[in-house]
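What follows is a single structure, written as structure tokens, with notes after it.
The numbers here are math on the coordinates, done by the rules we state, and not lab data. Computed from a predicted structure; not experimentally measured. Methodologically, a virtual Cβ is constructed for each residue, glycine included, from the backbone with ideal geometry; neighbour enumeration extends over all protein chains shown.
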Amino acid sequence: MERTPAMTTVAPDPRPLADRMRPRTLEEFTGQVHLLAPGKPLREAIVAGRLHSMVLWGPPGSGKTTLARLMAHTCGAQFLQLSAVLAGVKDIRQAVERARAALGEGRRTVLFVDEVHRFNVAQQDAFLPNVEDGTLIFIGATTENPSFALNNALLSRARTYVLKALTAAELRCILDQALEDPDRGLGGRALQIAEAGRDTLAAAADGDGRRVLNLLETAADLAVAAGEAEVIDEAIVREVTAGGVRRFDKGGDAFYDQISALHKSVRGSAPDAALYWLARMLDGGCDPRYIARRVVRMASEDIGNADPRALALALDAWEAQERLGSPEGELALAQAVVYLACAPKSNAVYTAFQAAGADARSHGSLEVPAHLRNAPTRLMKALGHGKGYRYAHDEPDAYAAGERYFPEALGERRYYRPVPRGLEIRIGERLAELRARDRRGGSK
């Protein structure tokens, strides 16, 4: 009996779409034109094969891992990858041994460490001798500020490149390529998706190239059969993009950058911008109680006595948040933020307190003047404590003109200088009147 040759089929690639579509050349790489456009130093170094140790700092999905792979491939170097979450000093040593072996064969090694900010000092130090003597080229990737996350010894041996979140146009380009590519992408499936749907997916990815491909792959899995084509309709797009959360890493750069933006918008009397940053932080999952504490700080630091009601309102908003919780209490925070942004501004108390603190630290333990000392006992009175003190309420207008309250060795100081805004206009006038009475020797 004649045997029929067995039918062979090619199994579909099981890798996620984002991995299959990873760029293989610099020409395929999308984004980071400030680093990789023709003529830029980093691109020229890669093309010329002049690799150097570096730290790639940028948000998720900005291309850090892909760029490291491209650099190694373009320069013909061995590519080794470690995850700082899982690797220890032993793994680093093994990677170094492989790098030495490759170097002996005339081949360089790129050691890529993902999430390098998670390495402790000992792990970071383990790189140093081998980076310095050229055994390996170190490329670290981090979403955290390297100046906080990495030690100075490692930073001094590696150049830092800042990667940016991808623009909506760049995300659309990545998405369109995946839809059209028949080999690595979804081009062989005859998928149909409207321009508006593509724009929605790109917007929902929030600057993350990996996320836009994951969203597209999920949408493709849900596509509705329509004859010989598959359709990703509006309902599917809404479903896969529902509940997307913007970038907000509690305790990381995005967190502190956004609270800084909120504080500076309030200080700059920009209520609309202040509301935007408040909404961004709440949308990202920030604890409203943290924002409430910072709003109280703003009331004291930036409004101060120009409008003392600001502090009371900020405290009331905090209490409302504690009592009502979210989302009802967040409206009270918004009310406080708008009031603070619109209020007259003064940092006079803040700067005065800083100056007083500097004197307190730099002048040591100066004696309290005798007339200001407490005198609850006969002995203390016999020692002159409280002697000569002028009780202000017994003085004209309840003010002891010419009285001195600073330590003698320190002399008179003037820290608080009211600004000509809000209530501090009146405060400044009152202080000027009292100082004039001091100069007249106490007459009213």
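Below is a table of values for the structure above.
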| item | result |
| --- | --- |
| Fewest-first ranking of Asp114, Asp438, using other Cβ atoms within 10 Å as the exposure measure | Asp438, Asp114 |
| Gaussian network model of the chain, Cα within-10 Å springs - most flexible of Ser346, Ser362, Ser147 | Ser362 |
| Dipole of the chain, positive end: most advanced residue of Leu278, Pro146, Gly31 [Cβ charges, Cα centre] | Pro146 |
| Amide H contacts of Met54 (H built 1.01 Å from N, under 5 Å, at least 5 apart or other chain) | Phe138, Ile139, Gly140, Arg159 |
| Highest-first arrangement of 35-47, 308-320, where packing means the average Cβ count within 10 Å | 308-320, 35-47 |
| Packing rank of 213-223, 18-28, where each peptide gets the mean count of other beta carbons within 10 Å, highest leading | 213-223, 18-28 |
| Selected from Leu431, Leu315, Gly209, residue furthest toward positive end of dipole (the chain; charges at beta carbon) | Leu431 |
| In the chain, lysine pairs closer than 20 Å at Cα, eight or more apart or cross-chain | 6 |
| Total formal charge among the other residues, if their Cβ is under 15 angstrom from that of Ser365, Lys/Arg +1 and Asp/Glu -1 | -1 |
| Amide hydrogen neighbours beyond the local backbone of Gln192, cut-off 5 Å, H modeled | Glu230, Val231, Ile232 |
| Surrounding net charge for Glu105, when Lys and Arg each add one and Asp and Glu each subtract one, Cβ distance under 15 Å | +3 |
| Within the range 1-121: Cβ-based charge dipole about Cα centre, in debye rounded to nearest 20 (Lys, Arg +1; Asp, Glu -1) | 260 debye |
| Three principal axis lengths of the range 168-241 [C-alpha, angstrom, descending] | 34, 27, 17 |
| Net charge contributed by nearby residues that have their C-beta within less than 13 Å of Gly325 (K/R +1, D/E -1) | -3 |
| For the chain, share of DSSP beta bridges that run antiparallel, in % to the nearest 5 | 10 percent |
| Long-range HN-HN contacts of Asp307 with modeled amide H, under 5 Å | Leu423 |
| Gaussian network model of the chain, Cα within-10 Å springs - most flexible of Thr351, Thr66, Thr143 | Thr351 |
| Expected 222 nm ellipticity per residue - DSSP helices of 4 or more, -39500 (n - 2.57), all of the chain, to 500 | -14000 deg cm²/dmol |
| Electrostatic dipole magnitude of the range 253-342 [Cβ: Lys, Arg +1; Asp, Glu -1; Cα centre; debye, to 20] | 160 debye |
| Size of charge dipole - the range 365-439 - debye, nearest 20, with Cβ of Lys, Arg +1 and Asp, Glu -1, no other charges | 120 debye |
| Mean separation of Cα contacts under 8 Å (6+ apart) over length of the chain, as relative contact order % | 10 percent |
| Given charges at Cβ of Lys, Arg, Asp, Glu: the chain dipole, positive-most of Ala122, Val47, Pro420 | Pro420 |
| Among 420-430, 198-208, 53-63, the order from most to least packed when residues are scored by Cβ within 10 Å on average | 53-63, 198-208, 420-430 |
| Mean Cα-pair separation over length for the range 32-162, i.e. relative contact order, pairs under 8 Å, 6 or more apart, % | 33 percent |
| Sequence of Lys90, Lys387 once ranked by neighbouring C-beta atoms within 10 Å, starting from the fewest | Lys90, Lys387 |
| Residues of the range 285-320 with amide N under 19 Å of the 7 Å Cα→Cβ point at Glu429 | 305-309 |
| Top of Ala398, Ala102, Ala226 by mean-square fluctuation, Gaussian network on the chain, Cα under 10 Å | Ala398 |
